[in-house]
Amino acid sequence: LARARCPRPRIVASEPPPVVRQRIPRARSLSAARRRAAPQRGRDWAAPRPMESWSRDAPVDLQPTHLPSLLFNNLASSKGLLAYAHDSQVTILEARGTNNKRTLQLRTKVLSSVFVDGETLVVGAAGYVEIWQVPSPAKARLVKRHALGDFADDDATQPFCRGSALVQGVICVGCSSGEILRFEGDRQTQSLRGHRAPLTCLANSSKLVSGCDRGEIRSWEGDESFVIEDGTRAADIGGDPCSSIAVYDDQIVAGFASGRVRCYSAKGEVLHDLQAHARCLTALTIQGDRLATVAEDAHVFVWSLPSLEMVHASHVTDSLLTGVAFLDERSLACTAYDSQTVTVLRRES
């Protein structure tokens, strides 16, 4: 049977609706648009600080056999000299990149090397601590060695020293037991006790400030300590060691392995709390009113103090950054794990 064809409906084209054009006022700039959208807060509103220009300077080349280890705060600077740790060695070199270098050989693995003043370098290692006078790499000489006990065959089973600072002429050194050793000249004075976890970093100001693996931060006055951060927040997230610490005026700036940066008052009040980095923050340092932070996310950030506003960001490709230090007020250097160059950034005027 033939299929009957149904007539198709006839589509009558209708006129399109009229286009109504409205004039939308546009802001002259993005910042102006943000000001329009933001609620009126009177005089409390403040424009963001403009970003600063930091350009790459000539890098410092390192020896292929002596490259930085993956440690917290693995770069120190003083009077044009740089120092960093590699396994059981500490390399001292000039920041200008000359061939004036020296390598200090220790018995065990080095965990920290810090210039506590112009020429005093404190090296913390597994089992002991050494204090060196370094007017230049060629003239470095050992002043004191203090052992924590008998040497063990395995560094993992041995107590260690990590972190140091100079407070009112006394050299303070952190230990894995939670104690803080103190040396006044050639004499060892009474140790400080308060932390219950291995020390990670110390900071010097009119008072001693210390941080540990539990995320606890203490401020010391004499033999007594005041808890700035009790480590509860770190315990709630499964652990967050205080990796680096510095002091600006009366404020304490601390970096954590979670990538956070926190600023505390002298009474322990949290003034600023921000997620500065995506991965473990390994070092921070202060010069004047500028704070520099580096982390394993290959970023170098410069912040303005005391507002803690970011003023510069740089990316060091394919690098696990382990240390940062200001060379002067307008330049800084940073090291990366197993990298043969020290990146140098210079602030343009």
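For (1) in contact with a Cys (Cβ under 9 Å, 6 or more places away or on another chain); (2) part of a strand (DSSP E or B), each residue gets a yes or a no:
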{"residue": "A83", "(1), (2)": "no, yes"}
{"residue": "A138", "(1), (2)": "no, no"}
{"residue": "R145", "(1), (2)": "no, yes"}
{"residue": "R162", "(1), (2)": "yes, yes"}
{"residue": "F183", "(1), (2)": "yes, yes"}
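Just one of (1) open to solvent by 80 Å² or more (accessible area, probe 1.4 Å); (2) touching a Ser or Thr at 6+ places or on another chain (Cβ under 8 Å) fails for L71. It is (1). For D297, the conditions (1) more than 13 Å from the chain's Cα centre (by Cα); (2) under 26 Å from R56 (Cβ atoms); (3) not in a strand (DSSP E or B) all hold with the exception of (1).
Can you confirm whether T189 is part of a strand (DSSP E or B), of a type in the set (S, T, N, Q) and at pLDDT 95 or above? In short, no. Within the range 68-86, residues that are more than 15 Å from A125 (Cβ to Cβ) sit with their Cβ atoms under 8 Å from residues that are of a type in the set (D, E, K, R) and outside any loop (DSSP other than H, G, I, E, B), at 6+ positions apart or across chains, in these pairs: G80/E94; L81/E94; L82/E94. All of A197, A203 fail the test of being in a loop (DSSP other than H, G, I, E, B), of a type in the set (A, V, I, L, M, F, W, C), open to solvent by less than 20 Å² (accessible area, probe 1.4 Å) and within 20 Å of S176 (Cβ to Cβ), apart from A197. Looking at the range 304-328 only, could you name the residues that are under 15 Å from the mean Cα position of the chain (by Cα), open to solvent by 50 Å² or more (accessible area, probe 1.4 Å) and under 18 Å from S69 (Cβ atoms)? Matches in the range 304-328: L320 only. Could you please find all residues in the range 261-273 being touching a His at 6+ places or on another chain (Cβ under 8 Å) and open to solvent by 10 Å² or more (accessible area, probe 1.4 Å)? Answer for the range 261-273, where residues must be touching a His at 6+ places or on another chain (Cβ under 8 Å) and open to solvent by 10 Å² or more (accessible area, probe 1.4 Å): just R262. Only a single criterion out of (1) touching a Leu at 6+ places or on another chain (Cβ under 7 Å); (2) surrounded by fewer than 20 Cβ atoms within 10 Å (Cβ to Cβ); (3) assigned to a strand (DSSP E or B) is not satisfied by L93, namely (2). Given the condition part of a strand (DSSP E or B), within 13 Å of S164 (Cα to Cα) and open to solvent by 30 Å² or more (accessible area, probe 1.4 Å), answer yes or no: does some residue in the range 113-120 qualify? Checked the range 113-120: at least one residue is part of a strand (DSSP E or B), within 13 Å of S164 (Cα to Cα) and open to solvent by 30 Å² or more (accessible area, probe 1.4 Å). Any chance the range 51-67 includes a residue that's in a loop (DSSP other than H, G, I, E, B) and free of Cβ contacts under 8 Å to residues at least 24 places away in the same chain? Yes, some residue in the range 51-67 is in a loop (DSSP other than H, G, I, E, B) and free of Cβ contacts under 8 Å to residues at least 24 places away in the same chain. Restricting attention to the range 206-219 and to residues that are open to solvent by 20 Å² or more (accessible area, probe 1.4 Å) and without any contact (Cβ under 8 Å) to a residue 40 or more places away in the chain, the residue that is nearest to the chain's Cα centre (by Cα) turns out to be D213.
For the range 274-303, residues that are under 14 Å from L70 (Cβ atoms) and among the hydroxyl-bearing types (S, T, Y) total 1. If you check A283, A246, A266, A254 for being of a type in the set (A, V, I, L, M), at pLDDT below 95 and either closer than 26 Å to E179 by Cβ or over 12 Å from the mean Cα position of the chain (by Cα) (or both), only one passes: A266. Looking across A276, A298, A292, A254, one residue alone is surrounded by fewer than 21 Cβ atoms within 10 Å (Cβ to Cβ) and among the small types (G, A, S). It is A298. For the structure I just gave you, tell me whether A85 is crowded, with 21+ Cβ neighbours inside 10 Å and either in contact with a Pro (Cβ under 8 Å, 6 or more places away or on another chain) or more than 29 Å from R214 (Cα to Cα) (or both). Here the answer is yes, as A85 does meet what is asked.
Here E179 fits the description: open to solvent by 20 Å² or more (accessible area, probe 1.4 Å), of a type outside the set (K, R) and modelled with pLDDT of 95 or more.
Residues that are in contact with a Cys (Cβ under 7 Å, 6 or more places away or on another chain) and closer than 21 Å to L208 by Cβ number at least 1 in the following strands (runs of 3 or more DSSP E) confined to the range 222-262: 242-248, 251-256.
The values are calculated or read from the model by the stated rules, or taken from the named source; none is laboratory data. Given the structure is predicted, the values throughout are model-derived calculations rather than measurements. When we count neighbours, we look across all protein chains shown, and the Cβ atoms used for this are built from the backbone with ideal geometry, even at glycine. To get the accessible areas, we keep the full protein, side chains included, count just its heavy atoms, and leave off ligands, DNA and RNA. Shrake-Rupley method; radii C 1.70, N 1.55, O 1.52, S 1.80 Å.
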